[in-house]
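What follows is a short report on a single structure.
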Amino acid sequence: MNSNHNSALMISVSGIRGVIGSALTPGNALDFVQAYAAFLKQSSPKPTVLLARDTRPSGEMMRHATIAALMAAGCKIVELGIVSTPTLQYAIPRLGADGAICITASHNPVEWNALKFFQPSGMYLDKAQGEQVIALYHAKNFNCGSWADMGSLETDTSSIEAHLEKIMSLVDVEKIRTRKFKVVLDGCCGAGATISPLLLERLGCETTVINGELTGIFPHNPEPLNENLTQLANAVKMHGADIGFAHDADADRVAIATDEGELIGEDYSLVWGVAHVLKNRQKGPVVTNLSTTRAVETLAAQYGVECFRTPVGDANVSGKMKEIGAAIGGEGNGGVIWPEMQLGRDGIAAIALMLEFLAVEGKSASEIDAELPRYAILKTTHEFPKERVPQLIQWLKSKEKGATVDERDGLRLSFADGTWIHVRSSGTEPIVRLILEAETMEKALRVQKTFREEIESLAGAW
Ligand code: MG
């Protein structure tokens, strides 16, 4: 990616993100946290705000800026330290907080950091709430309290244990322990390394942890894509493990390697979760985003439940899941949302769910994977001027008669043979994402070539 893409601060309804030093600074972090505090103070004069961060070295600087802003606004800060995003989310309603901030750039490399904001329920801010925070940020009308109005800072060390206990209460622990699974975990030197090794130990697994140090110096790109996980695949084979798991830096996501060392792809974590929940736990509707494999739909049809699609983003998927009372949902980025646990992507709870799947079925990971529906999905990004995206969408639409059109998040075309294509613009970067899926890789590559050429010619046509 071109370095000039990284110079702008990316502002979205779930928070801000940027490269430390060029886009994200203590100054704009301070402003944005003050905006969030002002938003919380509309409903509570002295809000309690939980604070957590991942392992990246800039987290300490961001932590100080965040604490300064919250104290100036008179908030009661309860700091959880370095914990995963789902660990923080589970703590929000449990501790009765009014909100929470996670300092993490999730799957982005070490030079990035970000602030994510949450509701009292533990869910991300919804669109309307996020827009209020953005408006307050741009208005920059913040009040710093007098000496007598300063907020306070305390520490809570219960969040990891509470999260573990909740997960253990949900799965069939004895059944999992009986199998004595050999597991490799790639913690990516991120926040997941604080909790997932403990979970695996309690589930009776013989665990090899790679990249378990909490340095935040990521040994590979933290996005849990196959191309970043060769170390995991090799370790699974070397140790003769039953399964391997890899987290991103804040462990809301998880990817799977089978006992044969095959990386099944980040979409298939959700496919596994859907298959297990619908077959062995609870029948109910399923929700995923517009960019995720239709294997999710195939499974929903197989078990006679509805499958809903939403625009991309945890808040969109979780919001729909809450509305319809979904049994399971998530996103094709390794994000499994299991509502019995909580309404947010939880890569740690997902590990327990996957191990329960293996234990209940009495099969190996590769046997389970072979039985699940599989299609060929391809994902690429293309440089494209942001202001021309609406024209691109219109043009692609005019070219594709006969397809079912969904325009809720960019453009998604689905064809009668099951092939689908989703074109969407990145939040603030001048790129478009092209995600498509077909029955076979040969067909997927053919479709990709057509659309790629169209996008590239349009990018240069103005
Ligand atoms: Mg993440």
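The values are calculated or read from the model by the stated rules, or taken from the named source; none is laboratory data. Just so it is clear, the structure is predicted and the values come from calculations on it, not from any experiment. Cβ atoms come from the backbone with ideal geometry, glycine included; neighbour counts cover every protein chain shown.
If I filter segment 381-399 down to residues being out of contact with any Pro (no Cβ under 8 Å at 6 or more places or on another chain) and surrounded by 14 or more Cβ atoms within 10 Å (Cβ to Cβ), which single residue comes out as farthest from Glu361 (Cα to Cα)?
Result: Arg388.
Could you check segment 149-199 and list, in sequence order, the residues that are of a type in the set (Phe, Trp, Tyr) and on the phi > 0 side of the Ramachandran plot?
Within segment 149-199, no residue meets the criteria.
Residues that are basic (Lys, Arg), within 23 Å of Gly330 (Cα to Cα) and either in contact with a Gly (Cβ under 7 Å, 6 or more places away or on another chain) or within 16 Å of the ligand (Cβ to nearest atom) (or both): does segment 248-268 have at least one? Talk me through it step by step, then tell me what you get.
Start the filter on segment 248-268 by keeping residues that are basic (Lys, Arg), which leaves 253.
From what is left, the residues that are within 23 Å of Gly330 (Cα to Cα) are 253.
Next, only the ones that are either in contact with a Gly (Cβ under 7 Å, 6 or more places away or on another chain) or within 16 Å of the ligand (Cβ to nearest atom) (or both) stay: 253.
Within segment 248-268, one or more residues are basic (Lys, Arg), within 23 Å of Gly330 (Cα to Cα) and either in contact with a Gly (Cβ under 7 Å, 6 or more places away or on another chain) or within 16 Å of the ligand (Cβ to nearest atom) (or both).
Scanning for something part of a strand (DSSP E or B), touching a residue at least 40 places away in the same chain (Cβ under 8 Å) and β-branched (Val, Ile, Thr), does segment 417-426 turn up at least one residue?
Checking segment 417-426: not a single residue is part of a strand (DSSP E or B), touching a residue at least 40 places away in the same chain (Cβ under 8 Å) and β-branched (Val, Ile, Thr).
Where in segment 105-184 are there helices (runs of 4 or more DSSP H), lying wholly inside it, with at least 1 residues that are under 20 Å from the mean Cα position of the chain (by Cα) and closer than 30 Å to Pro219 by Cβ? Please lay out each step first, then the result.
Working: elements: 127-139, 159-170, 173-179.
It comes to 159-170.
Pairs, please: C-beta under 8 Å, at least 6 apart or cross-chain, first residue touching a residue at least 24 places away in the same chain (Cβ under 8 Å) and in segment 334-356, second more than 16 Å from the ligand (Cβ to nearest atom) and among the acidic types (Asp, Glu)?
Glu356/Asp172
Any residue at all in segment 445-461 that is more than 27 Å from the chain's Cα centre (by Cα) and in a loop (DSSP other than H, G, I, E, B)?
Within segment 445-461, one or more residues are more than 27 Å from the chain's Cα centre (by Cα) and in a loop (DSSP other than H, G, I, E, B).
In the set Val360, Val389, which member is out of contact with any Gly (no Cβ under 7 Å at 6 or more places or on another chain), in a helix (DSSP H, G or I) and under 24 Å from Ala326 (Cα atoms)?
Result: Val360 is the single residue among Val360, Val389 that is out of contact with any Gly (no Cβ under 7 Å at 6 or more places or on another chain), in a helix (DSSP H, G or I) and under 24 Å from Ala326 (Cα atoms).
Suppose we filter segment 234-247 for residues that are within 16 Å of the ligand (Cβ to nearest atom) and over 19 Å from Arg179 (Cβ atoms); how many remain?
Residues that pass the stated criteria total 2.
Could you list, in sequence order, all residues of segment 408-453 that are buried (at least 16 other Cβ atoms within 10 Å of the Cβ) and among the acidic types (Asp, Glu)?
Within segment 408-453, Asp409, Glu429, Glu437 meet the criteria.
Condition check ((1) among the polar types (S, T, N, Q); (2) modelled with pLDDT under 95; (3) in contact with a strand residue (DSSP E or B) (Cβ under 9 Å, 6 or more places away or on another chain); (4) farther than 20 Å from Met71 by Cα) across all residues:
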{"position": "Glu131", "(1), (2), (3), (4)": "no, no, no, yes"}
{"position": "Lys140", "(1), (2), (3), (4)": "no, yes, no, no"}
{"position": "Phe181", "(1), (2), (3), (4)": "no, no, yes, yes"}
{"position": "Asp186", "(1), (2), (3), (4)": "no, no, yes, yes"}
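Would you say Ile20 is more than 18 Å from Phe118 (Cα to Cα), hydrophobic (A, V, I, L, M, F, W, C) and in contact (Cβ under 8 Å) with a residue 40 or more places away in the chain?
Against the criterion (more than 18 Å from Phe118 (Cα to Cα), hydrophobic (A, V, I, L, M, F, W, C) and in contact (Cβ under 8 Å) with a residue 40 or more places away in the chain), Ile20 qualifies.
Determine which single condition Met123 fails, assuming it passes every other condition in (1) surrounded by 20 or more Cβ atoms within 10 Å (Cβ to Cβ); (2) within 17 Å of Phe32 (Cβ to Cβ); (3) of a type in the set (A, V, I, L, M).
(2)
Quick one: in segment 326-342, of everything that is surrounded by fewer than 24 Cβ atoms within 10 Å (Cβ to Cβ) and aliphatic (A, V, I, L, M), which residue is nearest to the ligand (Cβ to nearest atom)?
Met341
Looking at Phe218 and the list (1) of a type in the set (A, V, I, L, M, F, W, C); (2) surrounded by fewer than 15 Cβ atoms within 10 Å (Cβ to Cβ); (3) in contact (Cβ under 8 Å) with a residue 24 or more places away in the chain, which single condition is not satisfied?
(2)
Among the numbered conditions (1) within 20 Å of the chain's Cα centre (by Cα); (2) more than 15 Å from the ligand (Cβ to nearest atom); (3) surrounded by fewer than 18 Cβ atoms within 10 Å (Cβ to Cβ), tell me where Leu95 comes up short.
(1)
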